[in-house]
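Just so it is clear, none of the values below were taken in a lab; they were calculated from the coordinates. The structure displayed is predicted, hence computed values, not measured ones. Glycine gets a Cβ as well: all are built from the backbone with ideal geometry, and neighbour counts include every protein chain shown.
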Amino acid sequence: MKVLAIESSAVAASIAVAEDDKLLCEYTTNYKKTHSQTLMPMIEEVTNMINLDLSELDIIAVSKGPGSFTGLRIGVATAKGLAHTLEIPIVGVPTLDALAYNIACTDKIICPLMDARRSQVYTGLYSYDDNIFNTVLPSTVVPVEDIFEEIKKLNREVVFLGDGVVPNIDRIKNNFTDNEYVLAPLNNNIQRASSVAALGILNALKGETESYMNFKPIYLRKSQAEREFERKHNTCI
């Protein structure tokens, strides 16, 4: 099974191509350019680099959220356009699942933290049990102290990763001793399309695919524009 994977849920933009258990190519940037500027040129560069004919693809895997509203919409629109043109299905991979999957076969609890602003984080908890990747707590958006409380209940060392670590590093240090947590290294600390590709293949083999017409991102909360509209008009949308 050959997959093109797209990750655009945060500042990092990432494209990967994988076939079965082999990563053929990955292109990741972590620089403040809009994904509308970067994704399609990156896809073109990747396909040229490995002489990929897009008609060879079996699925398009895409990070489906949570994350940046604009980034997700651009990534999902790109995935849907390719899937429509190629007449192949989409596999949506939860952003936090893929971020946690950057960490391989650890005995620690894995806690991705994405900065959700307003003193909140997008987060979840994951573990490997008998070398099988498991979701302990599904994707959610909460004040960071709430996820700390969930971690403490598990009584296991935790590895933190993601762009929500730096804004909350003092809180982490105040809540955990040095032997209770570690921070992921820089090569595992950001969203990567290779992880989206790997989970995309696994999900596709389980039949978890969707038509481009039905596929939607997951935001977990309303956008700032929607919240402002509700505040000004004293209503809900």
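Can you compute the modelled spin-label distance between LEU23 and LEU54, with each label point 7 Å from Cα toward Cβ, in nm?
2.4 nm
Please compute the Kirkwood hydrodynamic radius of the range 148-224 from all pairs of different C-alpha atoms, in Å with one decimal.
Over the range 148-224, the inverse of the mean reciprocal pair distance is 15.8 Å.
So how compact is the range 1-45: Cα radius of gyration and Dmax in angstrom?
In Å, with Rg to one decimal and Dmax whole: 10.8, 33.
Quick one: length gained pulling GLN37 to ALA77 fully straight, 0.36 nm per residue minus the C-alpha distance?
Taking GLN37 through ALA77 to full extension adds about 13.0 nm, to one decimal.
Full-extension gain between THR85 and ASN179, please, as 0.36 nm times their residue separation minus the C-alpha to C-alpha distance.
Full-extension gain reported as 28.7 nm.
Sequence gap at least 6, Cα distance under 8 Å: using those rules, report the relative contact order of the range 105-187 to the nearest whole percent.
Result for the range 105-187 is 31 percent.
Compute the Rg to Rh ratio over the chain from the alpha carbon atoms, using the Kirkwood formula for Rh, and round to two decimal places.
0.98
Calculate, in nm to one decimal, what LYS152 and VAL166 gain on full extension: separation in residues at 0.36 nm each, minus their alpha carbon distance.
3.0 nm
At what distance in angstrom do the alpha carbon centres of the range 179-224 and the range 55-122 lie from each other?
Cα centroid to Cα centroid, the span is 3 Å.
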